[in-house]
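Below is one structure; the comments refer to it alone.
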Number of protein chains: 6
Amino acid sequence: MANRYPLPDLNSLPEDIRTRILQVQEKAGFVPNVFLGLARRPAEWRAFFAYHDALMEPESAGRSSGLSKGDREMIVTTTSSANQCLYCVVAHGAILRIYEKKPLLADQVAVNYRKADISPRQRAMLDFAMKVCQRSQDIEEADFQALQAQGFDDEDIWDIAAITAFFGLSNRMASFSGMLPNPEFYLMGRIPRDKPARA
Amino acid sequence: MANRYPLPDLNSLPEDIRTRILQVQEKAGFVPNVFLGLARRPAEWRAFFAYHDALMEPESAGRSSGLSKGDREMIVTTTSSANQCLYCVVAHGAILRIYEKKPLLADQVAVNYRKADISPRQRAMLDFAMKVCQRSQDIEEADFQALQAQGFDDEDIWDIAAITAFFGLSNRMASFSGMLPNPEFYLMGRIPRDKPARA
Amino acid sequence: MANRYPLPDLNSLPEDIRTRILQVQEKAGFVPNVFLGLARRPAEWRAFFAYHDALMEPESAGRSSGLSKGDREMIVTTTSSANQCLYCVVAHGAILRIYEKKPLLADQVAVNYRKADISPRQRAMLDFAMKVCQRSQDIEEADFQALQAQGFDDEDIWDIAAITAFFGLSNRMASFSGMLPNPEFYLMGRIPRDKPARA
Amino acid sequence: MANRYPLPDLNSLPEDIRTRILQVQEKAGFVPNVFLGLARRPAEWRAFFAYHDALMEPESAGRSSGLSKGDREMIVTTTSSANQCLYCVVAHGAILRIYEKKPLLADQVAVNYRKADISPRQRAMLDFAMKVCQRSQDIEEADFQALQAQGFDDEDIWDIAAITAFFGLSNRMASFSGMLPNPEFYLMGRIPRDKPARA
Amino acid sequence: MANRYPLPDLNSLPEDIRTRILQVQEKAGFVPNVFLGLARRPAEWRAFFAYHDALMEPESAGRSSGLSKGDREMIVTTTSSANQCLYCVVAHGAILRIYEKKPLLADQVAVNYRKADISPRQRAMLDFAMKVCQRSQDIEEADFQALQAQGFDDEDIWDIAAITAFFGLSNRMASFSGMLPNPEFYLMGRIPRDKPARA
Amino acid sequence: MANRYPLPDLNSLPEDIRTRILQVQEKAGFVPNVFLGLARRPAEWRAFFAYHDALMEPESAGRSSGLSKGDREMIVTTTSSANQCLYCVVAHGAILRIYEKKPLLADQVAVNYRKADISPRQRAMLDFAMKVCQRSQDIEEADFQALQAQGFDDEDIWDIAAITAFFGLSNRMASFSGMLPNPEFYLMGRIPRDKPARA
């Protein structure tokens, strides 16, 4: 099940896209497939990553968020698993392990978030995210109240919903086009590094 | 069930957003609620409409598309109904009626697209869109072949999938936040104007 | 997707059926397709409309009902949409708009009744109707209590259930046989007439 | 879970209803609960049994049918089980056993009709009935062709659909109101009587 | 739909299996098909019946149980019906009738256990069993509390879950292999014997 | 979500169970939680592991199987993910990685087996396993033919079904009782060892 749409050559891409991809490669050591998989359509690529950054790096948009980086990746991993999106579960599961420094957490939320080693606040967050993912038409005031009881405010709730909705888009694009996770993601964050690399 | 998040004042919005909204108002005669409903987060707003334009106005991205304007709105109306999104069914149903010049079509695809007055090519398009909407994890080569048999190429298929995925995001944002369609949309395109208003 | 079963000629129908159809035509200005679509089987036609009248025009059966005409049509439109019955959503949506004098209401309940501009009493009524429509085997005492808390008595509850059940029959007959709504229904009740036609 | 609505006294019922009930009692040896359970609303009662007779006793409507009495009861038992209607599965399962002279058949179709001792023609009939019962919105030409390949004509297909639709109404009325099958039904037709009672 | 895998000859079976089967035949008057249907794989047969006995005859494992024999068969009949397993519903329904001395009970729980003539304690037991059967991933502390409120302790709850899980295995084996219930089961326990056979 | 039932002390267990557990510990370096989690009920424990061994180590039952060790673990990992069983996905995913020497495979089949790097033969095997897992009542001759077309014989098909059915039992026991995978499983088999540890 390889990618159905051929990946573009990096050098053929518009300058801004190429620059961003090279930055990511520099930082991660490889180019995550989503960057090339969507790049054949530059306008959509730019909108996708602008949306991504606005939600996943709120400080880049001049916002702070009540959700931690780990919270955000946990929402992505959990709801992407509900959508059975291989790319997003593996790639964002890797990032979740790194941010939360919990090597087991991504597999737990991917299989059954109700069994995961998370706080009651995170459980409420994921319950809401799953409802946005699967039955957004049924959301009602009581769903907001359950989150407020855990200390989330309306901006946090917007974040949970928007991250879920955005990755629902991402899940569908990846699944439909046969986008596969880079092999590097599978192992990332699984081996704890309690000690500095140099001693 | 009014909008849960207060709408921002038009004058408080960043210049680029305000300008676009005023243009839309000029053209449509009113401001569709999605423009104000998402504007409280300017970075997300810009990404949302950039994505929207890239998919729904491909010529703005320097692309042509094998899907007509009517095809695109038909995908939106049909899949938004599957997601029970009141805003998108009513607003895009209105645009669908106008583009296709078929006053009955939007209600047909919203209730049961299998009974709608559409071509076999459009039926295949909507079957694929519904699968992306509801079971994207199951898409396989046979789904592509069914579309190719109706004359769609791989770029057209990307369009069908991407429009469905993007409005799946839009549906979830609208439903979760209580966004309601402007009353103007309900009647738009329902009264055929066969003759020029003045002659 | 035209009607799969040919419509009988009006003049070939038994006297009682022809008379009723002519009365309806006189009043509505056209013959709603359900009248001809079912007429090929006179005994079933008579039973269908006798049942219809007993539930939808209770005064014809010497009963009064705690449900208004608008309440009844709202139940039909909402549950017919859950069954994706094009004929009933369009035809009864039209009647709902007229009775309730709310041009937007039918589209709202058809897409997502939880977002519609209705009273808490009507919301409880539709919650129950949807349960009868989709999971009648699960109905229990608590469902009755939720309705009683909104002022419905046991006769009203019978009305809600029976209307839902009867139109579940109607939905299946219309969908299976390819019955389509008359074009006239789509626009009926959408243009408010606040003032008398003549002044 | 007794009947939620009190059963009317036989003597308080209108003459026509009372007469019919006494005839049934004479023939069956007891009054099936559906006759009293619906009798509190005479107009609905009359429409219900007129519809019932038109479908289940077509000769009473001057029609013959390509479905045998056993076929018809098999449709009722199978689809009523899908709707988890205790009254109809038990009562019509009894009649099915009697008509088909197969003491095991009703339990088979109620649990899993795919495992029942029936003909390929009956299997096709039940596949269609189940689709009308559960997904009538999806019925299409191919469903008709599958039945035609087994020798059913369009009138037979109407019968299958109408019987399913009518008992879907009956199932919902029985389940919602707590109607329970008479104890007599459970054993009826289970003990084969190969020999005349008197010899 | 006969058994897809040929049944082994009784005389070809290992001694221990043959002995057990002959004992069952002696007691029941016939060999229930599950005994021969699984015997083609002796190691699996032995494990299956060891598990069966450990759960269904706890005294054989030196345990007592808070569930009666009737409770256990009621769990089997109800959850096997949810899995549409013809063999288990018919065979264990027969045993349920005998243990509970209620000729109507098995049909009631098979069609809709919410309508069955059972105690609130048994209703809670079946609610839990159905959740283990259909959504075991969702079980949480509140489910245990609902059972404790009816007097079940943690060992009883283990019994409910384990019986449901074991017969979920049995249901799948029977359905996949086309195992059919012996005709004898259908009538067993339906005719009450209030008086001793001899007087 | 720790284990709801306290784990027994190893020394309190019957000799045969203790011996087996010590052997496993010797080989694996730790005691997988399922061994202690079920040991509080020795008779059930013995039946469970006898069944497990008969299916997963057929040579122990004097059988050979057309399924490889990797095939068997792939069935377990895939269907356990459909049942959202954290213990089985993580523990058997580890074993799958080791047997197949494919560090990425377990995550692939757990998220979406249709996207996994497997052969058409394995894809057919998993399609059948998923049907046994989720809709065993619908299995029919065509399902067997699809497997035969890939070279599976009836004994292989029994293996696929029985492994799926047995782990459906295991999944329900693990989920209901809160059994969690040992931390050791999460990393096992993820780091390829192409070269001998010593050279």
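The values are calculated or read from the model by the stated rules, or taken from the named source; none is laboratory data. The shown structure was predicted, so the numbers you read here are calculated from the model rather than taken from an experiment. Here the Cβ positions follow ideal geometry from the backbone for every residue, glycine too, while neighbour counts run over all protein chains shown.
Quick look at the numbers
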| read-out | value |
| --- | --- |
| Out of B:70, B:62, B:93, sole residue that is at pLDDT below 95 and either within 23 Å of residue A:83 (Cβ to Cβ) or among the small types (Gly, Ala, Ser) (or both) | B:62 |
| Single residue of the stretch E:1-22 satisfying the filter (over 30 Å from residue D:120 (Cα atoms) and of a type in the set (A, V, I, L, M)) that is surrounded by the fewest Cβ atoms within 10 Å (Cβ to Cβ) | E:22 |
| Matching residues in the stretch F:99-117 - criterion: being more than 9 Å from chain A (Cβ to nearest Cβ) and not aromatic (Phe, Trp, Tyr) | F:100, F:101, F:102, F:105, F:106, F:109 |
| Extreme residue, surrounded by the fewest Cβ atoms within 10 Å (Cβ to Cβ), among residues of the stretch A:23-40 that are charged (D, E, K, R) and over 18 Å from the mean Cα position of the chain (by Cα) | A:26 |
| Selection from the stretch F:41-51 of residues that are surrounded by fewer than 22 Cβ atoms within 10 Å (Cβ to Cβ) and either more than 8 Å from chain E (Cβ to nearest Cβ) or basic (Lys, Arg) (or both) | F:41, F:46, F:49 |
| Complete set of residues in the stretch E:1-51 that are of a type in the set (Gly, Ala, Ser), farther than 20 Å from residue E:188 by Cβ, modelled with pLDDT of 95 or more and in a loop (DSSP other than H, G, I, E, B) | E:39 |
| Qualifying residue in the stretch F:140-153 (condition: buried (at least 19 other Cβ atoms within 10 Å of the Cβ), over 30 Å from residue F:3 (Cα atoms) and of a type outside the set (S, T, N, Q)) | yes |
| Evaluation of residue A:158 against (1) more than 13 Å from the chain's Cα centre (by Cα); (2) over 22 Å from residue A:50 (Cβ atoms) (one fails), failing number | (2) |
| Sole exception among (1) within 14 Å of chain C (Cβ to nearest Cβ); (2) of a type outside the set (A, V, I, L, M, F, W, C); (3) over 30 Å from residue C:79 (Cα atoms) for residue D:154, by number | (3) |
| Hey, residue A:176 closer than 30 Å to residue F:94 by Cα and more than 17 Å from the chain's Cα centre (by Cα) or not | yes |
| Residue check for residue A:60: away from chain B (no Cβ under 11 Å) and among the small types (Gly, Ala, Ser) | no |
| Count of residues meeting criterion [basic (Lys, Arg), over 9 Å from the mean Cα position of the chain (by Cα) and in a helix (DSSP H, G or I)] in the stretch A:56-99 | 2 |
| Any hit, the stretch C:136-151, residues being farther than 26 Å from residue D:141 by Cα, under 13 Å from the mean Cα position of the chain (by Cα) and more than 9 Å from every other protein chain (Cβ to nearest Cβ) | no |
| Residue identified as of a type in the set (Gly, Ala, Ser) and without any contact (Cβ under 8 Å) to a residue 60 or more places away in the chain among F:162, F:146 | F:146 |
| Given (1) within 25 Å of residue F:104 (Cα to Cα); (2) of a type in the set (Phe, Trp, Tyr); (3) away from chain E (no Cβ under 11 Å), number of the condition residue F:167 does not satisfy | (3) |
| Which listed residue, of B:193, B:123, is more than 9 Å from chain A (Cβ to nearest Cβ) and at pLDDT below 95 | B:193 |
| Evaluation of residue C:172 against (1) more than 7 Å from chain D (Cβ to nearest Cβ); (2) in contact (Cβ under 8 Å) with a residue 60 or more places away in the chain; (3) of a type outside the set (Ser, Thr, Tyr) (one fails), failing number | (1) |
| Residues located in the stretch F:14-25, provided they are in contact with a helix residue (DSSP H, G or I) (Cβ under 7 Å, 6 or more places away or on another chain) and either in contact (Cβ under 8 Å) with a residue 60 or more places away in the chain or of a type outside the set (Lys, Arg) (or both) | F:14, F:17, F:21, F:24 |
| Members of the stretch E:1-41 found to be touching a Lys or Arg at 6+ places or on another chain (Cβ under 6 Å) and among the acidic types (Asp, Glu), listed by number | none |
| Filter result for residue A:15 (of a type in the set (Asp, Glu) and over 23 Å from residue B:47 (Cβ atoms)) | no |
| Residues within the stretch B:26-48 that are within 23 Å of residue A:139 (Cβ to Cβ) and touching a residue at least 24 places away in the same chain (Cβ under 8 Å), tallied | 10 |
| Pair list, Cβ < 7 Å and 6+ apart or interchain, from the stretch D:64-92 residues that are surrounded by fewer than 22 Cβ atoms within 10 Å (Cβ to Cβ) to residues that are at pLDDT below 95 | D:64/D:58; D:65/D:58 |
